[in-house]
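Structure first, commentary second.
The values are calculated or read from the model by the stated rules, or taken from the named source; none is laboratory data. Nothing here was measured: the structure is a model prediction, and the numbers come from that model. Every residue, glycine among them, receives a Cβ derived from its backbone with ideal geometry; neighbour counts consider all protein chains shown. With ligands, DNA and RNA removed, areas are computed over all heavy atoms of the protein, side chains included. Shrake-Rupley method; radii C 1.70, N 1.55, O 1.52, S 1.80 Å.
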Amino acid sequence: MNGTMAASSNRITLGPLVAAIDQGTSSTRFLVFNAKTAELLSHHQVEIKQSFPKEGWVEEDPKEILQSVYECMDRTCEKLTQLNIDISNIKAIGVTNQRETTLVWDKETGEPLYNAIVWLDLRTQSTVERLINKTPGKNKNHLKHKTGLPISTYFSAVKLRWLMDNVEKVHEAVLSHRAMFGTVDSWLIWCLTGGKKGGVHCTDVTNASRTMLFNIHTMDWDPELCKYFDIPMEILPKVRSSSEIYGLMKSGPLTGVPISGCLGDQSAALVGQMCFKDGQAKNTYGTGCFLLKNVGTKPVMSDHGLLTTVAYKLGRDKPACYALEGSVAIAGAVVRWLKDNLGIIQTSTELEKLAADVGTSYGCYFVPAFSGLYAPYWEPSARGIICGLTQFTNRSHLAFAALEAVCFQTREILDAMNQDSCIHLSQLQVDGGMTSNRLLMQLQADILCIPVVKPSMPETTALGAAMAAGAAEGVSVWSLNPEDLTEVTSEKFEPQINPEESELRYARWKKAVQRAMNWETTEPVNNGDGRNTLCKCN
């Protein structure tokens, strides 16, 4: 870092800076990086409230999300000024976001027409069943050849369909051509570039590829897919590359700065981990767990329950790169559940200490299928299960089992990836909030039987968005040439248990997963009095 003082203003001259908005499921962050060294200079974080109006429903307030972005921006700019860093050196802003979370708003008033339906929400299960029932052979992979995705509660199109069917305000706004649909990136970019006074309604290819309305071959919205879900194309944002100038900030301390990068959070982490080569992979441990493997410029379809998704397209004239992805719905969310619902821990750091105290689950297995099971099963009827309990089991064993559950779920995805592509991973690159838990990282290496590599700067998601923004045409303050990229320092966790023990524990986990399957189904239940009653389906 160049620490010379600029004589005239007594401010530190660092060269160009690039900022990133990182809007995740549980918090919003604003981070500022040095474009030459990739060093994180300052950031601010605000937690986001989630509401659960009914069982399986997860919502967030779009206005609170937007407000949190403004607050994080303001506070980070204040911190930079206190550090004597000139905020006029911020040359671009990137946006990265929780994907699939679905919003509809009124383009004339700028008001959201309903809460944001969060990606892991389950209310659309009956919508999904109805759609699958009308496909030939009742096949959930009916649209996979175009979308790379199974028909599932996870993706935005079914959430949007639910909003149009069940929320009068949304239905009316669609009929009167006032409705705008978007994932969180679209909502933020529209608001930050002017909102109802000329805001830019766009998304990037990575977020678009998670809606089920986007054709990953033509790289645009697909009229047949929109017809299948009966969604008017006029409400969709314009699809752009992940690295280009979309518009300028219209208010706040960064007015006039271009927003020039946009990537769904998992794609952003792939870029931030510098996984630009075919075969490189990363796993992000957040609310959920997401393992992405770069498969190059031709999409690879999975035979083992993985998703095919757009990894990035870093410029209008650059090729799109694709990834195979395994998604786990519940990772960090299990910590929140143990804290908020069971009250067995007060903080997430306490979980690591509890688990480390016993060093074993003592035969206890925890399958946190709170939102069904995602990859590789895609089984919405599964529910959470804790099994193998004895009189000896205590909360420390449960804490250990919760951490192991995250690792076993990752192992299932890695196995599927190794079956789908010929290149077996020799190590796993990791990032995200949970990687600060050293016991989890060691467990992960033990259960995968390969080293786990964690960068010393864990904010790779925000870094990826900043890289895309800084490299955009018209900004060009960040070079993405491999020889110019800063070498990231990292820590390596080597496997420490023998593979036989690892296999034994994994086999037991698979047994527990089978027990969790087909829980929420419509089937007769014998009451013991000779009468059958129907078990309710979600």
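For region 127-166, residues that are surrounded by fewer than 17 Cβ atoms within 10 Å (Cβ to Cβ) and farther than 18 Å from Pro376 by Cα total 9.
Within region 81-94, identify whether any single residue is out of contact with any helix residue (DSSP H, G or I) (no Cβ under 6 Å at 6 or more places or on another chain), at pLDDT below 95, among the hydrophobic types (A, V, I, L, M, F, W, C) and open to solvent by 70 Å² or more (accessible area, probe 1.4 Å), and answer yes or no. The answer is yes, given that some residue of region 81-94 is out of contact with any helix residue (DSSP H, G or I) (no Cβ under 6 Å at 6 or more places or on another chain), at pLDDT below 95, among the hydrophobic types (A, V, I, L, M, F, W, C) and open to solvent by 70 Å² or more (accessible area, probe 1.4 Å).
For region 328-350, the candidate set comprises residues that are under 23 Å from the mean Cα position of the chain (by Cα) and among the aliphatic types (A, V, I, L, M); within that set, the residue that is nearest to Leu389 (Cα to Cα) is Leu338. Scanning region 213-238 for residues that are crowded, with 18+ Cβ neighbours inside 10 Å and either in a strand (DSSP E or B) or at positive phi (or both) yields Phe214, Asn215, Trp221.
Where strands (runs of 3 or more DSSP E) sit wholly within region 415-502, those with at least 1 residues that are hydroxyl-bearing (Ser, Thr, Tyr) and touching a residue at least 12 places away in the same chain (Cβ under 8 Å) occupy 490-493.
Being β-branched (Val, Ile, Thr) and within 22 Å of the chain's Cα centre (by Cα) is the filter; apply it to region 207-264 and report the residue that is nearest to Glu71 (Cα to Cα).
Among those that are β-branched (Val, Ile, Thr) and within 22 Å of the chain's Cα centre (by Cα), it is Ile259.
Please determine whether any residue of region 384-393 is within 20 Å of Phe290 (Cα to Cα), open to solvent by 20 Å² or more (accessible area, probe 1.4 Å) and over 18 Å from the mean Cα position of the chain (by Cα). The answer is yes, given that some residue of region 384-393 is within 20 Å of Phe290 (Cα to Cα), open to solvent by 20 Å² or more (accessible area, probe 1.4 Å) and over 18 Å from the mean Cα position of the chain (by Cα).
Within region 350-362, restricting attention to residues that are over 8 Å from His397 (Cα atoms) and touching a residue at least 60 places away in the same chain (Cβ under 8 Å), the residue that is least open to solvent (accessible area, probe 1.4 Å) is Leu351.
The residues on offer are Lys277, Lys293, and the sole one that is among the charged types (D, E, K, R) and either open to solvent by less than 10 Å² (accessible area, probe 1.4 Å) or under 24 Å from Val118 (Cα atoms) (or both) is Lys293.
If only one of Ala471, Ala465 is under 23 Å from the mean Cα position of the chain (by Cα), open to solvent by less than 20 Å² (accessible area, probe 1.4 Å) and over 20 Å from Ile450 (Cα atoms), which one is it?
On the way: Ala471 fails: open to solvent by less than 20 Å² (accessible area, probe 1.4 Å).
Of Ala471, Ala465, the one residue that is under 23 Å from the mean Cα position of the chain (by Cα), open to solvent by less than 20 Å² (accessible area, probe 1.4 Å) and over 20 Å from Ile450 (Cα atoms) is Ala465.
Could you say whether any residue in region 193-212 is part of a strand (DSSP E or B), hydroxyl-bearing (Ser, Thr, Tyr) and under 13 Å from Val310 (Cβ atoms)?
The answer is yes, given that some residue of region 193-212 is part of a strand (DSSP E or B), hydroxyl-bearing (Ser, Thr, Tyr) and under 13 Å from Val310 (Cβ atoms).
I'd like the full set of residues that are among the β-branched types (Val, Ile, Thr), touching a residue at least 40 places away in the same chain (Cβ under 8 Å) and open to solvent by 20 Å² or more (accessible area, probe 1.4 Å), limited to region 296-321. Break it down into steps so the answer makes sense when it comes.
Pass one, region 296-321, residues among the β-branched types (Val, Ile, Thr): 297, 300, 308-310.
Filter once more, keeping what is touching a residue at least 40 places away in the same chain (Cβ under 8 Å): 300, 308-310.
Selection gives Val300 alone.
Checking each residue in region 17-72 for being in contact (Cβ under 8 Å) with a residue 60 or more places away in the chain, in a helix (DSSP H, G or I) and open to solvent by less than 10 Å² (accessible area, probe 1.4 Å) picks out Pro62, Ile65, Val69.
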